[in-house]
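Following: one structure in structure tokens, then a few remarks.
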Amino acid sequence: MIRNPIDVAVRVSPRLSALIESRVNDPDADEPPTLGVVREFLTGLLPPAYAATERMHHFDVSESLLDELNTLIDEYGTAALAADFVKSVSSEPLSRAIEAVLNDENRENPPTLEAVRDALVAGLGARLVGEGVLDEDEDDALMAEIEALIERFGADALAEDMLRYE
């Protein structure tokens with residue numbers, strides 16, 4: 001299987017990324033799952049009547065996980081490795097906040113995700129907005145994103161490992 005040369009995980013919603021990650025981390029899997037395998041798993045979770053109704057009428061206003069997955073399959077194919085679509089980095093705004101904590105001269109140890117969360121609670125986001133590093137609307141999602149990363153990787157995970165480089 002050919003690995004994708006670009007970071008395709010940035011095109012995946014957090015919900016779909018979590019679903020894909022659950023398939024990638026499945027200890028019972030015989031081989032690395034592909035997007036096609038993930039689609040089979042997801043469609044297997046839906047009751048047949050719901051799947052048919054959803055396909056005909058599409059009740060969801062927002063894109064469903066299946067729609068999002070199908071869009072990825074249309075672009076990358078069913079044989080694309082699912083692991084390539086798992087987000088393990090922070091968004092650009094959170095990366096800027098992590099960098100601010102990393103560059104703190106008073107810090108003795110490399111910051112963990114918990115240290116970044118503590119800095120955000122203490123007003124780091126507002127400070128970065130005031131300095132023009134973040135837009136006001138970017139500040140709003142930082143806490144939810146850091147909480148999701150802590151839930152996924154643990155509070156003691158190094159924040160530097162989550163940086164997004166573009």
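The values are calculated or read from the model by the stated rules, or taken from the named source; none is laboratory data. Predicted model, so just to flag it, every value in this text is computed and none were measured. As a convention, Cβ positions derive from the backbone with ideal geometry for all residues, glycine included, and neighbour counts pool all protein chains shown.
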How many of the residues making up segment 130-145 are within 15 Å of Ser91 (Cβ to Cβ) and out of contact with any Ser or Thr (no Cβ under 7 Å at 6 or more places or on another chain)?
11
Out of curiosity, is Ala126 loosely packed, with under 14 Cβ neighbours inside 10 Å, out of contact with any Cys (no Cβ under 9 Å at 6 or more places or on another chain) and either assigned by TED's automatic domain parsing to the domain that holds Ile146 or at pLDDT 90 or above (or both)?
yes
Pair list, Cβ under 7 Å, 6 or more apart: segment 25-44 residue more than 23 Å from Phe153 (Cβ to Cβ), other residue assigned to a loop (DSSP other than H, G, I, E, B)
Thr34/Thr78; Thr34/Ala79; Thr34/Ala80; Leu35/Thr78; Leu35/Ala80; Gly36/Thr78; Gly36/Ala79
Matching entry among Asp139, Asp118 (being modelled with pLDDT under 90 and over 20 Å from Arg11 (Cα atoms)):
Asp139
Glu147, sole failed condition from (1) under 30 Å from Arg39 (Cβ atoms); (2) at pLDDT below 90:
(2)
What pairs come up if the first residue lies in segment 91-103 and is under 17 Å from Ile150 (Cβ atoms), the second is among the hydroxyl-bearing types (Ser, Thr, Tyr) and surrounded by fewer than 16 Cβ atoms within 10 Å (Cβ to Cβ), and their beta carbons are under 9 Å apart, counting only those six or more places apart or on different chains?
Ser95/Tyr165
